[in-house]
Structure formats: C-alpha cells, structure tokens
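First up is the structure itself, then whatever we jot down about it.
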Amino acid sequence: MLLKLQLLYTHMPLLSNANAVLLSEKPEQVTPTSRKQRLPLHNGIGTVKPETNLKKCGPVQNSEECIPRKSKLEKSHTKCSTKRLSYGGCIPAILEALDTVLDVDEALGPWEDRLNNKERSIILKEQLRWDRALEIFEWCKQKGHELNVIHYNIMLRSLGRARQWRRVESLWNEMNARGIAATSSTYGTLIDVYSKGGRREEAFFWLDMMLENRVEPDEVTMVIVVQLYKKAGEFQKAEEFFKRWSSGKPLRSKSKPLRINNEVVDTRELDERVACANVSFSSHTYNTLIDTYGKAGQIKEASETFMEMLKRGVAPTTVTFNTIIHICGNHGQLEEVSLLVQKMEELRCSPNTRTYNILISLYAKHNDIGRATKYFETMKEACLEPDLVSYRTLLYAYSIRKMVYEAEELVREMDERGLEVDQYTQSALTRMYIEAGMLHRSLLWFLRFHLTGNMTSECYASNIDAYGERGHTLEAEKVFILCQERKNLSVLEFNVMIKAYGVGKCYEKACQLFDSMEKQGVVADRCSYTSLIQILVSADQPHVAKTYLKKMQEAGLVSDCIPYSAVISSFAKLGLLEIAEDLYREMINHDVQPDVIVYGVLINVFSDVGRVKEAISYVDEMNKAGLPGNTVIYNSLIKLYAKVDNLEKAEEAYKLLQLSEEAPTVYSSNSMIDLYVKRSMVDQAKEIFETLKENGAASEFTFAMMLRLYKKMEMYDEAIQIAKQIRKLGHLTDLSYNNVLNLYAIAGRPKEAMETFKEMLRASIPVDNFSFRSLGNLLLRYGVSRQAVGKLEVLVKKDVSNGLLAWMSALSGVLEVDDYYDHD
C-alpha cells in the first residue's frame, strides 16, 4: 500500500465551515442485536396505526406516575462544566436554578414567558437525567410553549440512551399526532439509539421507514446507517448505502411501490437525488468508512478512502490515524504503520493513549517486543498516562515470552499507581513463572490474589490448569485445596483438577475427586464425565470408564456417541471385542446414534482379527444409517476387502479415498497392489506404485510386491530395476535381501547373485530355503550336477558356516565360467 503520503500533506487546505460543523457532530457507535418483527406503517409520515399502536406508559402529558421521583433534588441534573457559562444570557442562571430547585415550575417560573426555541433546546440538551429532561419537556407543553422537531429529537435521544423504549415510542406517536414531520436527524437519532441499545431490528425498521417516507438522510444520518450495517457485519450493504447516497442514486427499495391516497404514484422525480461525489465529507465520515472497510478486510478500499480524504483537504484526526494504523498493523503492513506514525508527527497530530495501545499491541503481536516496550516508554515521555489496557497488553506480552524481570517491573509500576492486575493477566503470569521453572514464586504470586478473597472460579480454574497441564500435580492440588477453603467451589475447579490428575497419571485420585463432588454439593456436568472417561480409556482402564459412562447415562448427560466411542475403542484396542459389541448394542438401546468413528473402530478391529463377517455387518449398518464414509472408514474397508480378496469392493473404497482430501495410506495402497499382483494386473499395480514413489511414500514392502509381480510375469529387466532401487534404500530386511537374491538367481545373473550373497553373509542375514533352491537352479544351468547341488543343500543344513562357504565356492566357480565366456 505504502500510502504515498509524501506530497499529499504539504499544502492541505483548511477545513470549510460546513466540514467543521459536521466534524463536531459525532454520533456514537451502534450495537447489533437480533431482528424482531417489523412495525407497521401508516400514511406518509410514518405514524403507527391506532390498532397496532406502540404500548405507552400512560399519556405523555400525565407522566408523573411513570417518572421515578427523588425525595430531594440531586445535584448534577445538568452537565457540570464551564460550557454553560459560554452560552451567555439567561442560560447559566436557568441551569443553576434547575440544579438547585426540585420543582420545575418554581425553577423556570422567572423565565416562563421569555424562553425562545433555542434556549429550550439548550436546556433540554444539558440535562443528564432523562426523567428531569422529560419533566422540563412536559412543563413546556403545559405552558403552551412551542415545541418543534429539534426539541422532540433531543428528547428521543435522551430517552433512547436511557433505554426507555415505551416512552420513545409514545413520544414518536405524539409527534406524529401533532403533525410534526420527522427529519433526517429524527430518524438518525432513532436508528442510533435503538442500535446502541441492543435493538438492531428496530433500528433497521426506522431506516426502512425513513426511506419509505422519502426523507433524505444527511451526512450525519448516513454515517449512522453505515455504522449500523458495520456493527451488523453487513459490510457490503454499508458500502452500497454510502455509494448510493454519495452518487445521488435512489435509496428506496424499488420492490415497494409508493402509494398516496391508495394510489400508486410515479416516483421517478422523488427518486432523483443530488450527487455528493465531489463534496468533501467530515473527518468523522471518512473515519467511519475507513473503519468499515478495515473490519471487512478490504484494506485497499480503506487506503483509497484515506487517500481521498487527504486529496480533499480534510485533516485526519487522531481517530483517523488510530483506525488506519490498526488496519495496516492487523494485515502485517508494519512499514506503513511506521510511515503513518511519522506523518502524525509531521502534521502535529498528537497521538493519544489509544494510539500507543494500538502500537504496543501490534508490535507485541508481531513479536517485536522491543518496539512495543519503546512505545510504552514514549507514551510516558509524552506525558500520557498508560491505562489498564496499556499495562495489561504489555504485561501479557512479557508473560508469554517468560520475560520475568520486565513483567515484575511493570507490576511494580501498576502497584504504585493503584492499578489492578486483572484475573486473566494474573493467570498468565502464573504460567510465566511455571514455564520459567520458578514454582515457588508462582505460588507466592497466586497467594497475593487468593488472600484478597476476590478471585473468581474461572481464575482459580485457570491457575489449577496452569500447573496441571505442565504436570505439576502437587502444586495444582495446593491451589485446589485453597480454593476449597472458600467453600464456594464450582464444577469448573473440579473439572480442571480432574484433568490435572489425568496429565499426572494419577488415575485413582481423579476418580476419588469425581466421586467427592456430590458430597461437596457440586453436580458433575458433561465435561466432568467426558474428561474422566477420556483419562481412564487413555490409561487402558475401559472397565472403570464403563462405570462412569453408565452414571453419565443415568444423569441424562449423554447427548452423542463420543463417550461411548472412547470406551468402545479402548475395549477394542485391548482385544475385548465382545464387551465392545455389548457396549455398542447398549448405545443403540439408549437411542444414541453411532457415528462413522464408532463404525470405523468396529470395522477396523474386526478386520484386523480376520472376523470378516462381523466387519461387513457393521459396514452394512453404517450404509443403512446413511452415514458418509471418511478416510479412516475407507482405509479399513480396503484392509477388509483385501483380506477376503474382493478386488471390486476394494477398488470402490480406494476410488472414494482418492477423491477425499487425504491421500490413501501406504497400507491401503500396498493392499491394492497386493490384490493386483495376485491377478497379474501389471498396469494397475504400476500406477499405484509410481504414485507412491512420487510422493516418497513407497515402502520396502511396496518394492517387494512389485519385484514379485515382475518376476512372476518374467519381466526380468523391470524386476532388476526394482532390485536396484531396493538396494539403494539401504538397511534392507531379510525379506528384501532374499527377494533380490532369488531374482538374480532366476534371471541367470550369477555376478549380481554372488554380490548379494556376500552382502548377506557379511550382514549375517540368513538365506531362506527358497533362495537356496533358486541358487541351486542357477548352478544347474551352468553345468553343476544335481548330485553336487544336493550335497550343498545337505551340508548347509548340517553345518551352516561350512555350508555357506561351500555355496560361495560353487558360485565363484560359476562366475569364473561366466566371465570366461564373456571375455571370449
């Protein structure tokens, strides 16, 4: 990306007045929630139909019953700042009166006849409490003051922020009843407060209503809508809305015709909008667009938007830089991050604490802990106080790198400033000490938090797990016992302690702890059972695991076949097939449906022991259940069909295996080659063999089978090539040496046979009877009498050492004859 920033900042024009105004209006972020049923529309201004009117909390004009009353006037009704003094005129006095006098009529009485619309707006806007603002609003109505759309907008925002939804809806209905037309700002306010209030569906309803009622969203409202889509994860819709808005295209859905007085009207003129393509937007707008593209992973578009902002002379703010730095860093573009930081300095755009937090996090994430630390120090040098995020981010980065000294210095700083180490970071430092081999210090660190009495179950569990997963069972027990002293144990601590016992191979203790849960008022959950069962089957104790599986079933916690599968697999591994089958039938009786893993275990184990009938029965059951196979199943099926010499079925399974994501195992491929060798199917066997060779997966057994095939087909040249490849493998087994020796003898290659024979003698590899028979045939072919060969065979059986020497001598004589004729 590299941003090409060098020239764009040099002569940046000042913000226009319009941009400055827009810049000051920064609507809050919105929060997505689930969608609900859309509210109905009524007539052109969007009033809710009377029969489906939104529920009210009584009439707005008599809202005293609904407003929480205070026994005495609380201070801070209005915003406590110097801003009120800047208003001038009577506003400061009015706000002071509202702060000190409970009765609104008494507080505002002196100015009752002198308040203008602007002053009413300021008074309402300055209220911190929604109920106080509503009292003032009602007072204005009772006194006959003019209340326009701006006043309603202020109240809608105040009530919406307080999540007073019934009052918001009641005020909306009142507004429509009084004929006060909603503006873009009205809809923007409603969309904003509903989305931030966790009611995203209603926010979309107000958006639809705005578009149906032909209300043109201004820039601020447009940004609110883009944020609504962004928070909902609908980034494409956010981009489309902005592009349609800025290009002047219709925003209303063309699938819905517009009706006025029950007549469909031509909306072409209404759909005509003014394009904003060449207009400079506020920095807030650009910031929102950049952030939206960033969250969508569209870094190119985010960069282009940033460049467009600069070209139009809109000064980037700290928020702008924070956003684009975060995007670039998350995509690993650290060179651009450095460039952006440099440009911030050139433009005198001061970084804030969030800027440094982003930089610390990015560089720690990319393993540049030195630069992360540098930015932490730079932040302090810039007279910015690191916040909790700063400390926690850097502290966690130190902890996972076992930087004990640096982490302890940071903790000391936090202690001096009275900042708390959160429980997530606490457990991370416990792990740091453990991994650094500082067990005693890790316990002292844990005790510091334990003694405060504020540790949660999650934090205790995390500390137990930190010790347990590294095999420090005794220390895990100490933490668990201290946790017990709180007398507020949860199932979480038990579960991680059971896991710790499993890692430490303390199987009996794991069972005892599980059995004690009920006495301590803790009910075991699904995780408790599955963890203990898995520990026991991994220790080859399926009989014990079976008892806990039964308890789990009785507790109604078996929701799938996973625990059954683990125990069945363990019994099968130990060769206890009848018990495995009984457990399978029990699972079926409890309406727990087996998956392909269960079938795979049973098919494989019965195939291994040659019980083909049972294996095929489980294949049939799996097919009836409509379960698709997987690589484990296909490999098991090939093994099964190879044992029963069923080439057709084996080929079907092998093809399915080839189509899967994983390649066939060497065993499956060898099984297929074996089936082809038996049938003298050279091409098919060769195809699989070559594939194995290309993948570097061909085993010694693979070569041996191909050697056997070529020898069987009297393709001696090909067989000899295989033999040479076998010898290149090195460290050959007895089988391979005898296969090669046998080949050279049958092929009439005395020299190669002699070399192989010598290698076998040097390596003390026994020559099998089949090889001696082939060597005998070789001697017969070169004129040695049958009687002489017979004597050699008898001698090697009586006296192996002298017999082998005799065979060597006989072969040497044949080799000399062979050499004599070769020289001729």
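The values are calculated or read from the model by the stated rules, or taken from the named source; none is laboratory data. Note that the structure is a prediction, hence the values are computed from the model and not measured. Backbone-built Cβ (ideal geometry, glycine too); neighbour counts: all protein chains shown. Areas reflect the complete protein model, heavy atoms only, side chains present, ligands, DNA and RNA absent. Shrake-Rupley method; radii C 1.70, N 1.55, O 1.52, S 1.80 Å.
Each label point was placed 7 Å from the Cα along the Cα-to-Cβ direction; for Leu659 and Ser559 their separation is 3.3 nm. Among 534-542, 221-229, 631-639, 754-762, the peptide with the highest mean count of other Cβ atoms within 10 Å heads the list, and the full ranking is 221-229, 631-639, 534-542, 754-762. Think of region 746-797 as a dipole: +1 on every Lys or Arg Cβ, -1 on every Asp or Glu Cβ, centred on the Cα centre; then among Ser785, Ser764, Pro750, Ser785 lies furthest on the positive end. The calculated pair-distance distribution of region 90-247 uses every alpha carbon pair, bins of 5 angstrom beginning at 0, and gives 1, 9, 18, 20, 16, 13, 10, 7, 4, 2, 0 percent. For the residues Leu656, Leu775, a 1.4 Å probe over the protein chains yields an accessible-area ranking, largest first, of Leu656, Leu775. Per-atom-type breakdown for region 457-576 gives carbon and sulfur 54% of the accessible area (1.4 Å probe, protein chains only).
Sparsely packed loop sites in region 339-435 (the trypsin sites (Lys or Arg not before Pro) outside DSSP H, G, I, E and B with at most 16 other Cβ atoms within 10 Å) comprise Arg348, Arg401, Lys402. For region 90-247, the solvent-accessible area of protein heavy atoms averages 35 Å² per residue (probe radius 1.4 Å; ligands and nucleic acids excluded). If a spin label sat at a point 7 angstrom from the Cα of Leu735 along the line to its beta carbon, the backbone N atoms of region 686-715 nearer than 13 Å would be those of 699-708. Per residue, region 504-600 exposes an accessible area of 50 Å² to a 1.4 Å probe, with every protein chain left in place. Considering region 667-746, its Cα convex hull presents a mean projected area of 4.8 nm².
Per-atom-type breakdown for region 734-823 gives carbon and sulfur 52% of the accessible area (1.4 Å probe, protein chains only). With the gyration tensor restricted to C-alpha atoms of region 153-235, the semi-axes of the equivalent ellipsoid amount to 19, 15, 10 Å, longest first.
For region 90-247, with all protein chains present and a 1.4 Å probe, just round the carbon and sulfur fraction of the accessible area to a whole percent. Here it works out to 48 percent. Our note on the geometry: Cα centres of region 276-325 and region 653-703, 57 Å apart.
The distance linking region 453-515 with region 516-567 is 17 Å (Cα centroid to Cα centroid, whole angstrom).
Among Val592, Val666, the order of accessible area from largest down is Val666, Val592, computed with a 1.4 Å probe on protein heavy atoms. Ligands, DNA and RNA are left out, and with a 1.4 angstrom probe the accessible area of region 734-823 is 55 Å² per residue. Packing, as the average of other Cβ atoms within 10 Å across residues, places the peptides 517-529, 668-680 in the order 668-680, 517-529, highest first. Based on alpha-carbon centroids, what's the gap between region 370-404 and region 734-813 in Å, whole number please? Their Cα centres are 77 Å away from one another.
Remark: region 90-247 carries a charge dipole of roughly 540 debye about the Cα centre, counting +1 on each Lys and Arg Cβ and -1 on each Asp and Glu Cβ. Put simply, region 452-520 fits an ellipsoid with semi-axes of 18, 15, 9 Å; these come from the alpha carbon gyration tensor as the roots of five times its eigenvalues, largest first. Each eigenvalue of the Cα gyration tensor of region 734-823, multiplied by 5 and square-rooted, gives one semi-axis; in descending order these are 18, 16, 12 Å.
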